[in-house]
Amino acid sequence: MTIPAVILDNVVKRFPLTKALDGVNLAIDPGKVVGLLGHNGSGKTTMLKIIAGLRRPTSGRVEVFGMAPGVETKKRVAFLSEVNTYYDWMTVDGLLNFVKSFHPDLCLEKAAELKEFMKLKGAAKIGALSKGQQARLKLVVGLSRQADLMLLDEPLAGIDPPSRAKILHALVGELRQEGQTVIISTHEVKEAEPIFDHVVFLREGRNVLEGDAETLRAETGHSMEELFGEVLE
Amino acid sequence: MSKMFFALYRKELGGARNIFLTILGLILGLGVFLLTRISTWGYWQAFGFTFLPLAFLVFWGMFRAFAIVREEWKEGTAPFLRSLPVSGWSIIGTKLLAVFTEWVVLVLATLTISALFYAAAPLWGAEWVKLAELPNLVERIKFVAVFGASIALGVLLGSIIFQLAYLLGRTVNRFSGLVSIAATIGLIYLTAKSSEILVRWLSFAPSINFINLESVDIFSFTTATFLVMLIEFALLFLVTGWVMEKRVES
């Protein structure tokens, strides 16, 4: 039996004034590209952070490759935050070498190709990069790794529209490792729709609709973008 | 594991480069300033002031240990740091080690300036004794070593208290600043109280005696104080690493 890449069992996450996740149940099979769709504040980032081991659920069970999130799961997970979380004083190459010290699965040759593809200079200081360049850098770091699970929080935020489609196709095309599970949170549904195998619609911390992207399209006769409007509005 | 630890340690040193160079520059600047003051203040007064940075560095070391943890949240880098496959103890350990390295280098820089001043005393016609000719030199060196080690351990103990207090503040979603302040006061009180009890328990620990040191015949230093600080530091380090690993969020 294959161990699911991620299991969330009745996961609740409370903050003082709000409930970010309200009893989420989810099982994601390895090798899938999953779209986590919802408006701002629907709980997407909280869910990804819980899977990455950066936040703890208030209640419920979380498993990543059969283990509770911790040091062991972090070896297999690449979490790319929506905002820049890298050190401003580091250079692009310095960051890649730093990450390589922790993740031997990071391939520096692939990183060099990606830097070229993303038009980033190795000697550039991260703090001096534009928002768009910082967004590209996140993808360089994430895609250079052979991580079993990639968690991408709004990967297209800050990237100019003409580049988005190119990057998305690269994400699931030639750059993606075989068998890698990718969870992408986004509200840019139209652009990302073609790459999803599986989708989860989140509203107010609950997964209101979930399923195989192709099956959902066939059953409802709607595109993901239309479903997004229908289910979440 | 050691590769990861070393990478984190280097990262901490790299991130502290600007502040470290600024403080080092200030220490060197003070040395140069004091050189220009010898003619007006007199040699021995200027020499005495060369030790001034040591008092500042004791507090700076502890503040730096607090700031190096706080910056991760303030700069928004905590999610990246905590997504790395390392334990909370490694994160705290490398931060402490980096701060301690900076502190030791700055203390040594200060003492080097003092030593240069002392060596140059004859240039200003000050009454001067060669170090090798100082009476009870061995006792003096022993005293400085024990005193220095106690101060260093005190700085480490203060550092871990401030780090733990900050992280305890991070475990709550609201009023984290207030929680940190309350935790600092509480931890200092607890450490002081437990020190009193532990020193009594460890009263059998041997003392180190310094003979004929300046005006006193015998000056005793109980090693129990040293042991207590070590025990407290070890316990607080374990708790701080655990809080970083299991309790804080980013």
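What are the residue pairs meeting all of these: first residue in region B:137-158, first residue on the phi < 0 side of the Ramachandran plot and free of Cβ contacts under 8 Å to residues at least 40 places away in the same chain, second residue charged (D, E, K, R) and surrounded by 15 or more Cβ atoms within 10 Å (Cβ to Cβ), Cβ atoms under 9 Å, and 6 or more apart or on different chains?
none
Which of the residues belonging to region A:54-85 are in contact with a Ser or Thr (Cβ under 7 Å, 6 or more places away or on another chain) and either more than 23 Å from B:Lys74 (Cα to Cα) or not acidic (Asp, Glu) (or both)?
Scanning region A:54-85 gives A:Leu54, A:Arg55, A:Val64, A:Phe65, A:Met67, A:Val71, A:Lys74, A:Phe79, A:Thr85.
Out of (1) closer than 25 Å to A:Lys100 by Cβ; (2) in a helix (DSSP H, G or I); (3) more than 12 Å from the chain's Cα centre (by Cα), the odd one out for A:Gly142 is which?
If we test A:Gly142 against (1) closer than 25 Å to A:Lys100 by Cβ; (2) in a helix (DSSP H, G or I); (3) more than 12 Å from the chain's Cα centre (by Cα), just (3) comes out false.
Collect the residues in region A:60-113 that are out of contact with any Asp or Glu (no Cβ under 8 Å at 6 or more places or on another chain), more than 11 Å from chain B (Cβ to nearest Cβ) and of a type in the set (Val, Ile, Thr), keeping them in residue-number order.
Selection gives A:Val64, A:Val92.
When region A:60-80 is examined, which residues are found to be in a loop (DSSP other than H, G, I, E, B), in contact (Cβ under 8 Å) with a residue 60 or more places away in the chain and not charged (D, E, K, R)?
Residues satisfying the conditions are A:Phe65, A:Gly66.
List every residue pair whose Cβ atoms lie under 6 Å apart, where the two residues are 6 or more positions apart in sequence or sit on different chains, the first residue falls within region A:178-195 and is within 18 Å of A:Val6 (Cβ to Cβ), and the second residue, located anywhere, is among the aliphatic types (A, V, I, L, M) and assigned to a loop (DSSP other than H, G, I, E, B).
Here the result reads A:Thr181/A:Ala5, each pair linking region A:178-195 to a residue that is among the aliphatic types (A, V, I, L, M) and assigned to a loop (DSSP other than H, G, I, E, B).
Can you find a residue in region B:80-96 that is more than 21 Å from A:Lys75 (Cα to Cα) and within 14 Å of another protein chain (Cβ to nearest Cβ)?
yes
Restricting attention to region B:37-59, and to residues there that are in contact with a helix residue (DSSP H, G or I) (Cβ under 6 Å, 6 or more places away or on another chain) and without any contact (Cβ under 8 Å) to a residue 24 or more places away in the chain, which single residue is surrounded by the most Cβ atoms within 10 Å (Cβ to Cβ)?
Among those that are in contact with a helix residue (DSSP H, G or I) (Cβ under 6 Å, 6 or more places away or on another chain) and without any contact (Cβ under 8 Å) to a residue 24 or more places away in the chain, it is B:Phe49.
Can we say B:Val138 is in a helix (DSSP H, G or I) and within 18 Å of the chain's Cα centre (by Cα)?
So B:Val138 fails the test.
Can you name every residue in region A:29-59 that is facing chain B (nearest Cβ under 10 Å) and not in a helix (DSSP H, G or I)?
A:Gly53, A:Leu54, A:Arg55, A:Arg56
Just to check your reading of the model, which residue among B:Leu96, B:Leu111, B:Leu28, B:Leu34 is free of Cβ contacts under 8 Å to residues at least 60 places away in the same chain, in contact with a helix residue (DSSP H, G or I) (Cβ under 9 Å, 6 or more places away or on another chain) and part of a helix (DSSP H, G or I)?
Among B:Leu96, B:Leu111, B:Leu28, B:Leu34, only B:Leu111 is free of Cβ contacts under 8 Å to residues at least 60 places away in the same chain, in contact with a helix residue (DSSP H, G or I) (Cβ under 9 Å, 6 or more places away or on another chain) and part of a helix (DSSP H, G or I).
If a residue must be of a type outside the set (Asp, Glu) and closer than 19 Å to B:Ile160 by Cα, how many such residues does region B:87-114 contain?
Here the count works out to 17.
Could you tell me how many of the residues in region B:185-203 are at pLDDT 90 or above and either among the hydrophobic types (A, V, I, L, M, F, W, C) or not in a helix (DSSP H, G or I) (or both)?
Qualifying residue count for the region: 10.
All but one of (1) aliphatic (A, V, I, L, M); (2) part of a loop (DSSP other than H, G, I, E, B); (3) surrounded by 14 or more Cβ atoms within 10 Å (Cβ to Cβ) hold for B:Val129, so report the exception by its number.
The failed condition is (3).
State the number of residues belonging to region B:97-117 that are among the hydroxyl-bearing types (Ser, Thr, Tyr) and surrounded by fewer than 16 Cβ atoms within 10 Å (Cβ to Cβ).
2
Output the residues belonging to region A:148-182 that are outside any loop (DSSP other than H, G, I, E, B) and modelled with pLDDT under 85.
Matches in region A:148-182: A:Pro161, A:Pro162, A:Ser163, A:Arg164, A:Ala165, A:Lys166, A:Ile167, A:Leu168, A:His169, A:Ala170, A:Leu171, A:Val172.
Only one of B:Ser83, B:Ser90 is buried (at least 19 other Cβ atoms within 10 Å of the Cβ), polar (S, T, N, Q) and free of Cβ contacts under 8 Å to residues at least 24 places away in the same chain. Can you tell me which?
Going through B:Ser83, B:Ser90 in turn, just one is buried (at least 19 other Cβ atoms within 10 Å of the Cβ), polar (S, T, N, Q) and free of Cβ contacts under 8 Å to residues at least 24 places away in the same chain: B:Ser83.
Just checking, which of B:Val58, B:Val32, B:Val104 is among the hydrophobic types (A, V, I, L, M, F, W, C), away from every other protein chain (no Cβ under 14 Å) and closer than 30 Å to A:Tyr86 by Cα?
Unique residue meeting the criteria: B:Val104.
Being polar (S, T, N, Q) and part of a helix (DSSP H, G or I) is the filter here, so list the residues in region A:81-114 that pass it.
Residues satisfying the conditions are A:Asn97, A:Ser101.
Does any residue of region B:159-173 turn out to be within 25 Å of A:Arg56 (Cβ to Cβ), within 14 Å of chain A (Cβ to nearest Cβ), touching a residue at least 60 places away in the same chain (Cβ under 8 Å) and basic (Lys, Arg)?
Scanning region B:159-173 turns up at least one residue that is within 25 Å of A:Arg56 (Cβ to Cβ), within 14 Å of chain A (Cβ to nearest Cβ), touching a residue at least 60 places away in the same chain (Cβ under 8 Å) and basic (Lys, Arg).
Failed condition for B:Glu102, given (1) assigned to a helix (DSSP H, G or I); (2) among the acidic types (Asp, Glu); (3) farther than 30 Å from B:Met4 by Cβ, with all others met?
(3)
The values are calculated or read from the model by the stated rules, or taken from the named source; none is laboratory data. Note that the structure is a prediction, hence the values are computed from the model and not measured. Neighbour counts are summed over all protein chains in view; Cβ atoms, including those assigned to glycine, are modelled from backbone coordinates with ideal geometry.
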